[in-house]
Each structure stands twice: as C-alpha cells, then as structure tokens.
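The values are calculated or read from the model by the stated rules, or taken from the named source; none is laboratory data. Remember, it's a predicted structure, so these values are computed and weren't measured experimentally. Note: ideal-geometry Cβ built from the backbone for every residue, glycine included; neighbour counts use all protein chains shown. Protein only, heavy atoms only, side chains kept; ligands, DNA and RNA dropped before computing areas. Shrake-Rupley method; radii C 1.70, N 1.55, O 1.52, S 1.80 Å.
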Amino acid sequence: MNLSFKKDCHNHTKFCNHASGKMEEYVFKAIKKGIKSFCFLEHLESGINLSKRLWMNEEDIPIYLNICNNLKEKFKEKIEIKCGVELGFNPFAVSELMKKIEEYPFDPIGLSLHYKYIPQLKRWINLVSVKNFDTDIFKFMTDDEITLDYINTLITALDFFTPDFICHLNAISKNIKFNLENKEIEKSLKFLFKKMKQKNIDLEINLSGFDYTGEPFPNYKIIKMAKSFDLKFVLGSDSHSPEEVGKNFEKFKKYMENKKTN
Ligand SMILES: [Zn+2]
Ligand SMILES: [Zn+2]
C-alpha cells in the first residue's frame, strides 16, 4: 500500500474555534512521535450558518499562515511543515471558496464536506458532529438518501476544485448508516473514485474514525475499493489538540494487518 506512516496530513489549530493548544506544541508533538512531514490543515468554510463558528475567521487566515510559515522555517532541519487548508465544500458558495483559495497560498488543500442545508428546516445540519447532530434531518431524508447526496455533492465539488486529497470520506457514518450494499451508493462511490483518479486526487485515511466507529474513515472495505481505482492514500490524525498528533497510527497498522490475515 502506497502510504507513509511518517506523515500526518490533517491537524487543526485554535483558529478553527474548536481546537486547543499552540501551533508550536503540535510541531513538538509531531517531532516527538517521529513524524517527518506534518501538515496543518485548518478548516475553511463559506456561507454556512451555525450557532457557533467552527472554522477560521477570514481575518485570521494571514495570521495562521504567518505562524505556520515561521514554524516551517524554524524547524526545517527537523521536520517538514506544510500550511494547508481543509476546504469545506458548499455548493451555494463556490465562487467565494474559489476566491479564498486563490487569494492565499494554501498547500496542501484537503477537500471535505461537513454541512448540509435542509430547506424545510431552514437550517444547516452538521453531518459529522456527534454532539451537534440534528436528527430532524431524518424527517426529510433516509440514511441512504443522505449518503447518496453526500457522495454526489463531493462529485460535484470536483467539477470546481482539484484538491490534493479528499478528507474523511465516510465521516458521516458517525451519525448515518453508510450503506455500501445499496447499489446506487456503490455506483456513486466508484464514480467519485474514477474522477479522483483522473484528477490525481489522493484519499485521506482519517484515523479519528477509530474514536467513533472503531474503524478509520474510510474503512477497509472502502479502502479496498479505492485501491482498485489505483488511488493513493495519505494518513491524517485530525488532531484538535497537540496530544492528538499522530493519534491511532499504530492502531491503523494493526487494523490493516488483521484485515489482511482474516
Ligand atoms: Zn474540526
Ligand atoms: Zn473535517
């Protein structure tokens, strides 16, 4: 499997308003864990309305990049540091999002999907939060409909963006049954992988999944499917505190070994 265990591609900072610790502390932890390549990947969203902001303030973006670039320089002998962004796709704010990633030199760009607007409820639902998940969505959509819509929205996102990788593909399984037995869902997922391959987009294996479902996002079955499309993978801890940098890497190694021998 084309995968580096010395690289953590997904780490947050206090700028997203729901993570803690100094950026430098994340770097110390990464060095301590033997990580050779470390990416900050802060949340960027546009046009989402929630009671609490869970992404960077526009005015914080240059400050975030400045701190990151200083750390990159300071620690360059010890570790490679990258200053990226977790770009949250919103089909209603494509031009605003495009403008932001053109304006700032984010590297890498990880694309994800966290929120869905429900017109009947006139509000945004956080699909990937366990704590703030709004089950009212089930009044209007079934699990399979949400999943299909989620994958199809990611496919649409790739008409506008060419990120370096797609983040935590099935993180909605925290709240929604991600049913691969559904032929339409399987077909859409395969179409997404085909498009990712054409555009040379990697797939993140997000290890925070272990804390919610006991499996990474995506799980072995989806990883296997992605492999059949010859996709490349990157590992991410999705740390929201310095302690979480490189979290669950060992667990993932064992998980893959177990799956292979079973
Ligand atoms: Zn987050
Ligand atoms: Zn995310």
Problem - Among the candidates Thr162, Thr261, residue that is within 15 Å of the chain's Cα centre (by Cα) and open to solvent by 70 Å² or more (accessible area, probe 1.4 Å) - result: Thr162
Handout entry: Members of region 100-114 that are assigned to a strand (DSSP E or B) and either without any contact (Cβ under 8 Å) to a residue 12 or more places away in the chain or surrounded by 21 or more Cβ atoms within 10 Å (Cβ to Cβ) (or both)
Key = Gly110, Leu111, Ser112
Completion exercise
If we ask which residues in region 1-34 are of a type in the set (A, V, I, L, M), touching a strand residue (DSSP E or B) at 6+ places or on another chain (Cβ under 6 Å) and surrounded by fewer than 23 Cβ atoms within 10 Å (Cβ to Cβ), their number turns out to be 1
Practice task
Kindly list, by first and then second residue, each pair from a residue in region 143-170 that is touching a residue at least 60 places away in the same chain (Cβ under 8 Å) and within 16 Å of ligand 2 (Cβ to nearest atom) to a residue that is open to solvent by 50 Å² or more (accessible area, probe 1.4 Å) and part of a helix (DSSP H, G or I), limited to pairs with Cβ atoms under 9 Å and residues at least 6 apart or on different chains.
Solution key: Phe161/Met98
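Condition check ((1) part of a helix (DSSP H, G or I); (2) more than 27 Å from Asn179 (Cα to Cα)) across all residues:
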residue: Leu50; (1), (2): no, yes
residue: Cys68; (1), (2): yes, yes
residue: Ile81; (1), (2): no, yes
residue: Val85; (1), (2): no, yes
residue: Val128; (1), (2): no, no
Exercise for the section: Output the qualifying pairs, or none if there are none: Cβ atoms under 8 angstrom, residues six or more apart or on different chains, first residue in region 85-99 and open to solvent by 20 Å² or more (accessible area, probe 1.4 Å), second residue within 16 Å of ligand 2 (Cβ to nearest atom). Expected result: Pro91/Thr153; Pro91/Ala157; Glu96/Ser46; Met98/Phe161
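Considering only region 39-53, state which residues are among the aliphatic types (A, V, I, L, M) and surrounded by fewer than 19 Cβ atoms within 10 Å (Cβ to Cβ). Can you show your working first?
Quick first cut of region 39-53, residues among the aliphatic types (A, V, I, L, M) only: 41, 44, 48, 50.
Within region 39-53, Ile48, Leu50 qualify.
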Practice task
Six or more apart or on different chains, Cβ under 8 Å: which pairs go from a residue in region 240-255 that's of a type in the set (Ser, Thr, Tyr) to one that's more than 16 Å from ligand 2 (Cβ to nearest atom) and part of a helix (DSSP H, G or I)? Could you list them?
Solution key: Tyr255/Tyr220
Handout entry: Leading residue by the ranking (farthest from Asn70 (Cα to Cα)) among those in region 22-41 that are touching a Pro at 6+ places or on another chain (Cβ under 8 Å) and not basic (Lys, Arg)
Key = Leu41
Completion exercise
How many residues of region 1-23 are away from ligand 1 (no atom under 16 Å from the Cβ) and either within 14 Å of Gly236 (Cα to Cα) or free of Cβ contacts under 8 Å to residues at least 12 places away in the same chain (or both)? The answer is 5
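Run down Tyr64, Tyr26 and say which single residue is in contact (Cβ under 8 Å) with a residue 60 or more places away in the chain and aromatic (Phe, Trp, Tyr).
Tyr26
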Fill in the blank from the handout: Considering region 165-176, residues that are under 11 Å from the mean Cα position of the chain (by Cα) and part of a loop (DSSP other than H, G, I, E, B), and then whichever is surrounded by the fewest Cβ atoms within 10 Å (Cβ to Cβ), we arrive at Asn170
Problem - Selection within region 115-131 - free of Cβ contacts under 8 Å to residues at least 24 places away in the same chain and either surrounded by fewer than 13 Cβ atoms within 10 Å (Cβ to Cβ) or in contact with a His (Cβ under 8 Å, 6 or more places away or on another chain) (or both) - result: Pro119, Gln120, Lys122, Lys131
Exercise for the section: Tell me the helices (runs of 4 or more DSSP H) entirely within region 177-261 that contain at least 3 residues that are of a type in the set (A, V, I, L, M). Expected result: 183-198, 220-227
